[in-house]
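*Asks:* Input: one structure, supplied below.
The values are calculated or read from the model by the stated rules, or taken from the named source; none is laboratory data. Just so you know, these numbers come straight off a predicted model, no measurement behind them. Neighbour counts are summed over all protein chains in view; Cβ atoms, including those assigned to glycine, are modelled from backbone coordinates with ideal geometry. For the accessible areas, the whole protein counts, side chains as well, though only heavy atoms, and no ligand, DNA or RNA atoms are used. Shrake-Rupley method; radii C 1.70, N 1.55, O 1.52, S 1.80 Å.
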Amino acid sequence: MNTNIPDDLMDNVERKLRKHVKNKRKKLHMAAAALIGCGIILPTSVFAYAQYTDSIPYKQEIDLARQHNNITKINKVFKYKNVTFTIKEIVADDTGMEVIYDVSDPRYSINSVKFGDKDGKAFTTWGYTTPNEYLKDNEKAFCITMDKDAINYMHENPVTIQVYTVAFSDGKGSKSLLADLNAFIYGKNSNLKVDWSLKMQVPMQKTKTININKEYALDIGTLKINCLKVGVLKSILDYSFVPKDKSISMVHPMFSIRLGNEYVNGDIGEDFGPGGGMAISNKPGGNVEYGVGENVGYFGTREFESVYYKNLSQIGIKLIAMEVKYKSNNSQVYKIDKNKLPMEINYNGEKIKITSIEEKKDSTNYNVEYEKNNKIYNSVEFDFCQPPSNDSSENNGWREIPKRGKVKFIDQAYRDKVYASLVKEVPNLKDIEKQISIDGESNALEDANISDKITVKHKETSTPTEFKILGADKNLIYDEDEVIINNSYR
């Protein structure tokens with residue numbers, strides 16, 4: 001029997017996998033951001049840590065790299081107890097590196113690594129992703145992302161990749177992200193600790209850099225698309241932003257990417273540190289600083305699928321929105337009287353209610369509701385943490401994924417006009433909105449938070465009765481001209 005397989009079958013499968021991974025990353029990012037906001041500090045040597053939910057990230061790109069001999073064979077073996085790990089292949093370029101390995105018992109996986117120079121000294125800024133422990137595949141991988149200094153070093157020198165711990169899962173549960181981070185940050189002893197490292201010169205595949213230098217004079221500042229880097233594993237859009245308002249503490253541009261006649265999501269990149277729009281610097285090449293100095297400029301990247309092996313007539317890049325975080329210029333401390341709830345406050349014209357408090361032995365839940373009409377912000381960031389005089393180790397808290405819904409913004413008529421235009425010009429707009437929304441379901445540009453549940457841990461019955469507002473987010477939409485790249489990227 002003849003079976004006709006569509007030519008784009010693998011492309012369709014790959015797009016679905018990317019969407020799934022993106023939603024997982026969003027939830028991990030929100031959990032980490034909430035923890036950081038309540039006093040948990042990530043190590044400065046690592047700007048990203050995450051776990052992925054498919055056996056091999058960039059599977060399609062890895063297969064193409066194998067076909068074109070753009071991958072380095074390793075076949076280095078090490079053992080933990082009776083389990084054999086075989087490092088098989090590495091593919092690396094200026095956009096990152098993926099290390100593929102086989103494990104004899106699929107219940108085991110590599111779940112933390114160290115990465116440094118030829119002498120093992122860790123690079124200043126780098127990050128990694130490892131597989132979730134519940135994946136039951138023998139072939140797995142971990143990915144490493146580096147800053148420019150580490151990339152430049154790798155072109156001329158050997159590097160050291162050291163396995164720090166391995167994970168074991170029997171199907172009854174898996175380690176949490178926080179537990180892994182604690183082991184990595186504080187170096188807590190683990191019965192799974194291994195002592196193995198690979199020192200080698202990693203061949204760097206060629207990366208094509210296309211200079212764009214397109215500036216957008218926006219109402220909130222100047223956004224510049226600097227260049228497009230086309231690598232074996234992914235394509236990276238590099239941008240910078242100079243704000244008009246000094247209260248802006250983060251920017252997150254949202255793009256629609258057109259590859260020929262196909263539209264893909266241009267917002268796959270992570271939001272940690274220099275790779276995702278949070279880092280700011282006083283001057284190019286200077287030390288990275290946060291919210292200080294004059295003429296502060298933001299920089300970051302957005303990732304989308306690799307076009308390394310695609311023969312495209314055009315690449316189109318269109319700015320559709322900016323997620324903007326504003327730090328609070330209001331130092332007011334709000335006092336809560338649990339006998340006088342709901343409590344309503346007005347933050348820069350945004351109406352907010354603390355509707356109820358649920359007290360437990362060592363934690364308190366604060367339930368928050370937002371006005372649905374005349375909205376100014378998409379979300380508001382609270383600080384219910386205890387005063388600095390208390391033991392900082394008790395200032396742990398988290399924020400559940402907020403409930404989102406339809407609202408009316410104060411400039412709704414203008415937003416409706418711009419949105420209607422975007423719908424016509426960007427066929428995948430709805431898909432982009434869902435992929436970049438915090439819950440993976442709501443529309444990022446039309447919806448906003450309508451309620452929150454924030455949990456704060458504390459000692460015994462010492463329920464915090466004060467809070468501050470640290471800042472708020474806006475999702476601003478734009479209908480700017482598409483940047484068209486006509487020349488070949490090869």
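*Asks:* Among residues belonging to region 227-261 that are without any contact (Cβ under 8 Å) to a residue 40 or more places away in the chain and open to solvent by 20 Å² or more (accessible area, probe 1.4 Å), point out the one that is farthest from the chain's Cα centre (by Cα). Show your work before the answer.
*Replies:* Restricting attention to region 227-261, the residues satisfying the condition of being without any contact (Cβ under 8 Å) to a residue 40 or more places away in the chain are 227, 244, 261.
Cutting the leftovers down to open to solvent by 20 Å² or more (accessible area, probe 1.4 Å) gives us 244, 261.
On the way: Lys244: 25, Asn261: 27 Å.
Ranking the qualifying residues of region 227-261, first place goes to Asn261.
*Asks:* Would it be correct to say that Val166 is among the β-branched types (Val, Ile, Thr), at pLDDT 90 or above and open to solvent by less than 20 Å² (accessible area, probe 1.4 Å)?
*Replies:* no
*Asks:* Looking for whichever is surrounded by fewer than 22 Cβ atoms within 10 Å (Cβ to Cβ), within 25 Å of the chain's Cα centre (by Cα) and either closer than 20 Å to Tyr52 by Cβ or at pLDDT 90 or above (or both) here; the options are Ala92, Ala122. Which one fits?
*Replies:* Every option except Ala122 fails the conditions.
*Asks:* Within region 48-82, track down each residue that is among the acidic types (Asp, Glu) and modelled with pLDDT of 85 or more.
*Replies:* Taking region 48-82 as the starting set, the residues that turn out to be among the acidic types (Asp, Glu) are 54, 61, 63.
The answer is Glu61, Asp63.
*Asks:* Next question, about the same structure. Assuming Ile185 fulfils every condition listed in (1) at pLDDT below 75; (2) out of contact with any Pro (no Cβ under 6 Å at 6 or more places or on another chain); (3) surrounded by fewer than 16 Cβ atoms within 10 Å (Cβ to Cβ) apart from one, which condition is it?
*Replies:* Among (1) at pLDDT below 75; (2) out of contact with any Pro (no Cβ under 6 Å at 6 or more places or on another chain); (3) surrounded by fewer than 16 Cβ atoms within 10 Å (Cβ to Cβ), Ile185 violates only (2).
*Asks:* Take the residues of region 148-166 that are of a type outside the set (Phe, Trp, Tyr), in contact with a Lys or Arg (Cβ under 7 Å, 6 or more places away or on another chain) and in a strand (DSSP E or B): which is farthest from Thr130 (Cα to Cα)?
*Replies:* Val159
*Asks:* Open to solvent by 80 Å² or more (accessible area, probe 1.4 Å), within 17 Å of Lys453 (Cβ to Cβ) and either of a type in the set (A, V, I, L, M, F, W, C) or free of Cβ contacts under 8 Å to residues at least 12 places away in the same chain (or both): which single residue out of Lys360, Lys338 fits that description?
*Replies:* Lys360
*Asks:* Only one of these conditions is not met by Phe304: (1) modelled with pLDDT under 90; (2) under 25 Å from the mean Cα position of the chain (by Cα); (3) surrounded by fewer than 21 Cβ atoms within 10 Å (Cβ to Cβ). Which number is it?
*Replies:* Just one mismatch for Phe304, condition (3).
*Asks:* With the structure loaded, tell me whether Tyr377 is modelled with pLDDT of 85 or more, over 23 Å from the mean Cα position of the chain (by Cα), among the hydroxyl-bearing types (Ser, Thr, Tyr) and open to solvent by 10 Å² or more (accessible area, probe 1.4 Å) or whether it fails that test.
*Replies:* Judged against the criteria, Tyr377 is not a match.
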